[in-house]
Each structure stands twice: as C-alpha cells, then as structure tokens.
1. Average partner chain C-beta neighbours within 10 Å, per residue of A:41-50?
2. Hey, how many Å between the Cα centroid of region A:1-39 and the Cα centroid of region B:113-132?
3. Peptide A:22-30: average number of partner chain Cβ atoms within 10 Å per residue?
4. Considering the dipole of region A:159-206 built from charges on the beta carbon (Lys and Arg +1, Asp and Glu -1) around the Cα centre, which of A:196, A:206, A:170 is farthest to its positive end?
5. What is the calculated FRET efficiency for residue B:3 to residue A:135, with r their C-beta to C-beta distance and R₀ = 45 Å, to the nearest 0.05?
6. Starting from region A:137-179, pick out the trypsin sites (Lys or Arg not before Pro) whose DSSP state is loop and whose Cβ has at most 13 other Cβ atoms within 10 Å.
7. If you count, for every residue in A:178-189, the Cβ atoms of partner chains within 10 Å of its Cβ, what is the mean?
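FYI, it's all coordinate maths here, none of it is from the lab. Only a predicted model underlies this, so the values are computations on that prediction, with no experimental measurement involved. With ideal geometry, Cβ positions are generated from the backbone for all residues, glycine too; neighbour counts draw on all protein chains shown.
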Amino acid sequence: MMDCKNIREIFDLYVDGELSPEAIVQAEAHLAECDSCRRAVDRLNRLRQAVKARVGHYQPTAQLVARVRKSTITSWLRPTIWTFAAAAILLVAATIFFTPHVRSVVANGLEFVAFHVDDSRATVMEGKLLCRDCLLKEEYGYHAMCPTRGHHGSLQTRDGKIWHILDGEASEELIHNSKLLGRTVRIHGRCFRRASSIEVDSYEVL
Amino acid sequence: MARQLAGAEAADDLVQETFLRAWKYFETFDSATHCRAWLFRILRNVWIGRWRKSRLELPVTETGEEQIEPYYDWEDEFLRAEMSADVERALSELPADYRLAILLADVEEFTYEEIAHVMECPIGTVMSRLNRGRKMLARLIRTSGDAKASNLQPDEFVRRTP
C-alpha cells in the first residue's frame, strides 16, 4: 500500500498516464482514502489544463503555411528542375547523335545559321568531287542513306578541306550525279568560309 | 510550441527552418519514431542552434540546480480564470528545459519516451524536469498573482474614494 510520501513522488507519472496498470491500482487505492493527496492531484491536473488552455494549439497563418510550402517545395524541386534540364539536354543530344535524319536536319540548321552570319565572296575553287555522306560514314560512322537517297556530292580542295555545295540549279548535277564523283572540277561562284559552303554559278569538269 | 519557445515574432522563422531541415534530412527519419516527435526534435535543435548564434539571447537554464519546491500544496483558488493570463508569463520565466518538457507533455501530449527522444535525454531526466518544472511554474503563477493583487489595492482604494 502506498503512503503519502510514495504517491507524491509519482504524481506526475500518474497524471501523465505513465504508470503501469498495477501502480495505477495502488495509487487509486490510496487516493480513494486520502483527501489531501486527492486534492493535490486535482491541483496538478488543473495546472496542466491551465497550461494547455493558455498555450493551446496555435493555428498557423496562411502566410506561414505559404512560406513553409514555398521553402520546402522549391528546395525539393530545385535539384529536380536541374535534373530534368540535364536529362532533356542529354536526350536531345542522344537523339541528334543517334538519329541520322535529325542529325542532318540539325547540321543543316547550323549550316543555315553559319551561312547567314557569313561573309561571302566571289571565288573559283578547284577540287575533287566526293560523296559527303560516304566520307562522314567512313570518318564518323555516320548512318549514310546513300543506297536509298543517292550520293551527295561535295568538293574536296587540295588542302583536304571538304566544301559543302549549296543546292541550286547550277549545282544540281554536282550534288546528285554520282557519275561525277571522283572527278576534278573547277567551280565559279561564291564561297562562305564559316559555313564551309560554296554557291555554284557555273562549273567545269576537268 | 514555436511561439512559446522563440516568441511570436521569431516563431514563424523557427517553424520554416524546422520544416526545411525536415525536408533536407528526411532520410534520417526512422519510421519507428513518431513523426511528430521527430519534427519536434528538429524544432528543438533549430531553436538551440539559434541560441548559439545569438548568445546574448541565451536563456538561463537552471536544470542543474536543485530547486526545493513544495509538493502540490498550493491554494485551491490560485488557478482562477483571471490568473490564467499569468500562466503564459510564468511559463516564459521557466528555465528552458523545464518549459519545453512541460509544453511537450501538457500541450503536445507526448509520452515520456517521446519527450526523451525530442529532448535527447534519459526518461529519468524528463521526469525530474516535469516535476521540478511544474512546481516552479505553480510558484511563479502564484507569485505573479500575489503581486497583481497587491498592485490592485491602491487602484481599488482610489476608485472607491469619493
């Protein structure tokens, strides 16, 4: 049986519901008989209730909720956005690299840009006609479509540089007539250095 | 809780920092732990961290000192409704560890084990902090109630004087 001294040492545990079932039985047996301890427990409970009533649960303002949401969600998203961006770049790069058609479209696009920012000047160039796609296949493993779409003539000058022949009426034969491949030609036209391209006015097979 | 610990002005920052850290260190969350207890532990750590940054505001913790408090033998009427305003002030005057233990037990209704987790201390320490804290709290409320009562007397006197 608990005495007043024993029970007062465990008042907090009793009101906080931390006592074992056996200890609760013993404590309540004492409280049922001791008016002084019962009042002390009652006061302690009132103190606890006063704290709870006074402090209570504060409802966060909408502003605080927004702040927390913003800081957590954005910090969580930040790396994800970069991950997505990096993934997108890799995907585009891979697509360009592995899709011949897309690759040539991009190449043509870059060429278009280069062509438009380039200075052109009248020139006469002499060189050997070679298939651009076959060269790329040999050099870089490019998936050349020559068997289905035919060869694509380009001019290789003596310095080894390959010049892209721009499409046009005068260049039609040079680009698409496979019989001319391997032949030396002299082209009169305009040269776009940065685009490594030549616009053909006329040509002669040497 | 944050308002009680850090005051109304700094409470929002404390809460924001707590959630931010919880996000950041979510992998440290042990699913065997109560999620609320885990969050409160972070809150406590953020709060302590802030103290360290601004030591001037560091509240004095007297948990090491032995405070001899009477048992719960205060007068029956001392917790009257009009005195409940003093509860908040008395809480703010408590040593930080006592205040936190009381708030976790009475307001958040955590078990002693959870409080021990939040406060990173043994359960025995939780028990003694609660016991001492509550006795001290009652004394502080009673003191401020008495002071108020003695301050009221001259006013009452003046008012009643024709």
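1. Counting Cβ atoms of other protein chains within 10 Å of each residue's Cβ and averaging gives 6.
2. Here the two parts' Cα centres lie 20 Å apart.
3. What the average comes to for A:22-30 is 0.
4. A:196
5. For residue B:3 and residue A:135, the calculated efficiency is 0.05.
6. For trypsin sites (Lys or Arg not before Pro) across region A:137-179 that sit outside H, G, I, E and B with at most 13 neighbouring Cβ atoms in 10 Å, the list reads A:158, A:161.
7. Average per residue, whole number: 0.
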